[in-house]
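Visitor: This is the structure I want to talk about, given as C-alpha coordinates.
The values are calculated or read from the model by the stated rules, or taken from the named source; none is laboratory data. Remember, it's a predicted structure, so these values are computed and weren't measured experimentally. Heads up, the Cβs are rebuilt from the backbone with ideal geometry, glycines too, and the neighbour counts pull from every protein chain shown. Keep in mind that these areas ignore ligands, DNA and RNA; they rest on the heavy atoms of the full protein, side chains included. Shrake-Rupley method; radii C 1.70, N 1.55, O 1.52, S 1.80 Å.
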Amino acid sequence: IAKKDIKDPKTNKNPIIVEGKDLYYNDATGAVYATGDVVILQDPSKITSQIVKGNTKTSDLWFEGSAVFTQPGLNITGTDGFYNYKNRNGTMQQAKGKADKEFVSGKDIQIYPDKLILEDGSMTRCPAIVPDYRVTGDKIELWPGDKMIAYNAKLWFKNTVIYSMPKYVRDLKQTESDFPRIGYD
(Lines give C-alpha, C1' and ligand atoms only; values in the text may rest on other atoms or scores of the structure.)
Protein backbone atom coordinates (compact mmCIF):
# COMPACT_ATOMS: atom_id res chain seq x y z
CA ILE A 1 0.00 0.00 0.00
CA ALA A 2 1.40 3.41 -0.92
CA LYS A 3 1.63 5.88 1.95
CA LYS A 4 -0.71 8.30 0.20
CA ASP A 5 -3.41 5.60 0.11
CA ILE A 6 -3.46 5.18 3.90
CA LYS A 7 -6.25 7.29 5.43
CA ASP A 8 -7.56 7.63 8.95
CA PRO A 9 -11.13 6.23 8.78
CA LYS A 10 -12.39 8.82 11.33
CA THR A 11 -11.00 11.95 9.64
CA ASN A 12 -10.39 10.68 6.07
CA LYS A 13 -6.96 12.38 6.25
CA ASN A 14 -3.53 10.95 5.67
CA PRO A 15 -1.71 10.15 8.91
CA ILE A 16 1.38 12.02 10.06
CA ILE A 17 4.35 9.77 9.27
CA VAL A 18 7.59 10.29 11.21
CA GLU A 19 10.84 8.67 10.07
CA GLY A 20 14.33 9.10 11.54
CA LYS A 21 17.38 7.25 12.82
CA ASP A 22 16.27 7.48 16.47
CA LEU A 23 12.61 7.80 17.42
CA TYR A 24 10.85 8.16 20.77
CA TYR A 25 7.08 8.07 21.09
CA ASN A 26 4.85 8.13 24.17
CA ASP A 27 1.39 6.80 23.34
CA ALA A 28 -0.14 8.19 26.55
CA THR A 29 0.99 11.80 26.06
CA GLY A 30 1.49 11.87 22.28
CA ALA A 31 5.05 13.16 22.70
CA VAL A 32 7.38 12.36 19.82
CA TYR A 33 11.12 13.00 19.53
CA ALA A 34 13.14 12.13 16.43
CA THR A 35 16.79 12.68 15.47
CA GLY A 36 18.95 11.89 12.47
CA ASP A 37 17.64 12.50 8.95
CA VAL A 38 14.10 13.10 10.19
CA VAL A 39 11.29 13.17 7.63
CA ILE A 40 7.78 14.15 8.68
CA LEU A 41 5.12 13.65 6.07
CA GLN A 42 1.42 14.26 5.86
CA ASP A 43 0.53 14.52 2.20
CA PRO A 44 1.04 16.99 0.68
CA SER A 45 3.31 18.62 3.32
CA LYS A 46 6.80 17.37 4.18
CA ILE A 47 9.41 18.59 6.68
CA THR A 48 12.99 17.32 6.80
CA SER A 49 15.38 18.16 9.65
CA GLN A 50 17.91 16.59 12.00
CA ILE A 51 16.00 17.12 15.28
CA VAL A 52 12.22 17.27 15.66
CA LYS A 53 10.11 17.38 18.82
CA GLY A 54 6.36 17.26 18.77
CA ASN A 55 3.04 16.03 20.00
CA THR A 56 0.75 13.86 17.91
CA LYS A 57 -2.31 14.78 19.98
CA THR A 58 -1.93 18.52 19.23
CA SER A 59 -0.26 18.04 15.79
CA ASP A 60 2.54 20.42 16.89
CA LEU A 61 6.13 20.02 15.65
CA TRP A 62 9.25 21.96 16.59
CA PHE A 63 12.40 21.52 14.56
CA GLU A 64 15.87 22.61 15.59
CA GLY A 65 18.66 23.68 13.25
CA SER A 66 18.25 23.56 9.50
CA ALA A 67 14.98 22.31 8.04
CA VAL A 68 13.21 22.13 4.69
CA PHE A 69 9.44 22.56 4.32
CA THR A 70 7.82 21.46 1.06
CA GLN A 71 4.35 21.17 -0.35
CA PRO A 72 3.07 21.68 -3.91
CA GLY A 73 4.33 25.06 -5.16
CA LEU A 74 6.37 25.75 -1.99
CA ASN A 75 9.94 24.83 -1.02
CA ILE A 76 11.37 26.77 1.96
CA THR A 77 14.67 26.18 3.78
CA GLY A 78 15.20 27.77 7.19
CA THR A 79 16.20 27.22 10.78
CA ASP A 80 14.45 26.65 14.08
CA GLY A 81 10.76 26.56 13.43
CA PHE A 82 7.33 25.32 14.32
CA TYR A 83 4.54 23.72 12.31
CA ASN A 84 1.04 22.54 13.20
CA TYR A 85 -0.28 19.90 10.79
CA LYS A 86 -3.87 20.27 11.98
CA ASN A 87 -4.04 24.05 11.34
CA ARG A 88 -1.46 23.89 8.51
CA ASN A 89 0.51 26.88 9.77
CA GLY A 90 3.97 27.49 11.16
CA THR A 91 7.11 29.61 11.18
CA MET A 92 10.75 29.36 10.12
CA GLN A 93 13.64 31.70 10.87
CA GLN A 94 16.33 32.85 8.42
CA ALA A 95 14.31 31.24 5.65
CA LYS A 96 14.54 31.32 1.88
CA GLY A 97 13.16 29.35 -0.99
CA LYS A 98 10.57 29.36 -3.73
CA ALA A 99 6.83 30.00 -3.55
CA ASP A 100 5.23 29.32 -6.94
CA LYS A 101 7.33 31.49 -9.34
CA GLU A 102 8.72 33.77 -6.62
CA PHE A 103 12.09 33.44 -4.89
CA VAL A 104 11.52 34.56 -1.30
CA SER A 105 13.60 35.14 1.81
CA GLY A 106 12.96 36.55 5.25
CA LYS A 107 14.28 36.89 8.76
CA ASP A 108 11.10 35.10 9.76
CA ILE A 109 8.56 33.43 7.45
CA GLN A 110 5.09 32.56 8.67
CA ILE A 111 3.42 29.79 6.69
CA TYR A 112 -0.38 29.64 6.33
CA PRO A 113 -2.50 27.40 4.08
CA ASP A 114 -3.06 30.19 1.52
CA LYS A 115 -0.28 32.72 2.14
CA LEU A 116 3.18 33.51 3.49
CA ILE A 117 4.20 36.47 5.64
CA LEU A 118 7.84 37.50 5.30
CA GLU A 119 9.33 39.67 8.07
CA ASP A 120 12.30 41.74 6.81
CA GLY A 121 11.62 39.97 3.54
CA SER A 122 12.67 39.95 -0.07
CA MET A 123 10.89 38.70 -3.18
CA THR A 124 11.90 38.36 -6.84
CA ARG A 125 11.48 36.15 -9.90
CA CYS A 126 15.20 36.48 -10.72
CA PRO A 127 17.20 33.38 -9.68
CA ALA A 128 20.61 35.14 -9.51
CA ILE A 129 22.54 35.25 -6.20
CA VAL A 130 22.33 39.05 -6.42
CA PRO A 131 19.02 39.44 -8.29
CA ASP A 132 18.76 41.98 -11.11
CA TYR A 133 15.59 43.25 -9.41
CA ARG A 134 13.75 42.56 -6.19
CA VAL A 135 11.23 43.96 -3.73
CA THR A 136 12.06 44.17 -0.04
CA GLY A 137 9.86 45.18 2.84
CA ASP A 138 9.59 45.22 6.61
CA LYS A 139 6.64 42.88 6.04
CA ILE A 140 5.54 41.17 2.83
CA GLU A 141 2.25 39.31 2.58
CA LEU A 142 2.36 36.85 -0.31
CA TRP A 143 -0.48 34.83 -1.77
CA PRO A 144 1.51 32.61 -4.21
CA GLY A 145 0.32 32.92 -7.79
CA ASP A 146 -2.14 35.68 -6.83
CA LYS A 147 -0.84 38.89 -5.22
CA MET A 148 1.60 40.43 -2.78
CA ILE A 149 1.56 43.42 -0.45
CA ALA A 150 4.86 44.85 0.80
CA TYR A 151 4.98 47.38 3.64
CA ASN A 152 7.76 49.99 3.76
CA ALA A 153 8.70 48.60 0.35
CA LYS A 154 11.85 49.20 -1.62
CA LEU A 155 12.34 48.31 -5.29
CA TRP A 156 15.94 47.34 -6.01
CA PHE A 157 18.01 47.13 -9.18
CA LYS A 158 21.00 44.95 -8.24
CA ASN A 159 22.29 46.60 -5.02
CA THR A 160 20.68 50.01 -5.56
CA VAL A 161 17.30 51.15 -4.29
CA ILE A 162 15.51 52.83 -7.20
CA TYR A 163 12.20 53.56 -5.47
CA SER A 164 10.58 53.24 -2.05
CA MET A 165 7.01 53.58 -0.85
CA PRO A 166 5.00 52.89 2.32
CA LYS A 167 2.87 50.17 0.67
CA TYR A 168 3.34 48.29 -2.59
CA VAL A 169 0.68 45.98 -4.03
CA ARG A 170 1.33 43.74 -7.03
CA ASP A 171 -0.82 41.30 -8.98
CA LEU A 172 1.34 38.18 -9.44
CA LYS A 173 -0.92 36.78 -12.16
CA GLN A 174 0.43 39.33 -14.65
CA THR A 175 3.59 38.46 -16.57
CA GLU A 176 4.79 42.04 -17.07
CA SER A 177 7.15 43.47 -14.47
CA ASP A 178 6.33 46.72 -12.67
CA PHE A 179 9.94 47.82 -13.01
CA PRO A 180 10.76 50.67 -15.42
CA ARG A 181 12.03 49.65 -18.84
CA ILE A 182 14.41 51.48 -21.11
CA GLY A 183 13.27 51.89 -24.68
CA TYR A 184 12.88 54.26 -27.58
CA ASP A 185 10.38 55.14 -30.26
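Visitor: For the chain, which whole percent of the accessible surface, found with a 1.4 angstrom probe, sits on carbon and sulfur atoms? Write down the numbers at each step before the final one.
Guide: Numbers: 5780 of 10900 Å².
The value for the chain is 53 percent carbon and sulfur by accessible area.
Visitor: Could you compute the FRET efficiency for N84 and K167, with r as their C-beta to C-beta distance and R0 at 35 Å, rounded to 0.05? Could the numbers behind the result be given before it?
Guide: Working: r = 30 Å, r/R0 = 0.85.
The calculated FRET efficiency here is 0.75.
Visitor: Something else about it: Please state the shape class of segment 65-105: rounded when a/c is under 1.5, otherwise prolate if a/b exceeds b/c and oblate if not, all from the C-alpha gyration tensor.
Guide: Values: a/c = 2.22, a/b = 1.18, b/c = 1.89.
Oblate.
Visitor: For S122, S66, give the ranking by accessible area with the largest first, probe 1.4 Å.
Guide: On the way: S122 20, S66 75 Å².
Heavy-atom accessible area, descending, gives S66, S122.
Visitor: Sort segment 95-176 into rounded, prolate or oblate with this rule: let a ≥ b ≥ c be the square roots of the eigenvalues of the Cα gyration tensor; rounded if a/c is under 1.5, and if a/c is not under 1.5, prolate when a/b is larger than b/c, oblate otherwise. List each step's numbers first, then the result.
Guide: Working: a/c = 1.31, a/b = 1.26, b/c = 1.04.
Rounded, since a/c falls under 1.5.
Visitor: Starting from the residue with the highest accessible area, list V130, V38 in decreasing order, probe 1.4 Å. Please list the in-between numbers first.
Guide: Numbers: V130 65, V38 0 Å².
Final ranking, largest accessible area leading: V130, V38.
Visitor: Let me ask something else about it. How long is the chain along each principal axis, judged by its Cα atoms, biggest number first, in Å?
Guide: 71, 30, 26
Visitor: Just the Cα atoms of segment 14-67, one point each, no solvent: what log10 I(q)/I(0) does Debye give at q = 0.12, 0.18, 0.23 Å⁻¹?
Guide: -0.22, -0.50, -0.83
Visitor: Remind me, relative contact order of the chain in percent, using alpha carbon pairs under 8 angstrom and six or more residues apart? Spell out each step's value before the answer.
Guide: Values: 446 pairs, mean separation 16.9, N = 185.
That works out to 9 percent.
Visitor: Another question, if that's okay. Students often forget the sequence filter, so: which aspartates and glutamates lie under 16 Å Cα-Cα from K21 once same-chain residues fewer than 8 apart are removed?
Guide: Within reach: D37, E64.
Visitor: Related question: Taking only protein heavy atoms and a 1.4 Å probe, what accessible area per residue, in Å², does the chain have with all protein chains in place?
Guide: Values: 10900 Å² over 185 residues.
Accessible area per residue, the chain: 59 Å².
Visitor: Would you check the accessible area of V169, probe 1.4 Å, heavy atoms only, in square angstrom rounded to 10?
Guide: V169 has an accessible surface of roughly 80 Å² with all protein chains in place.
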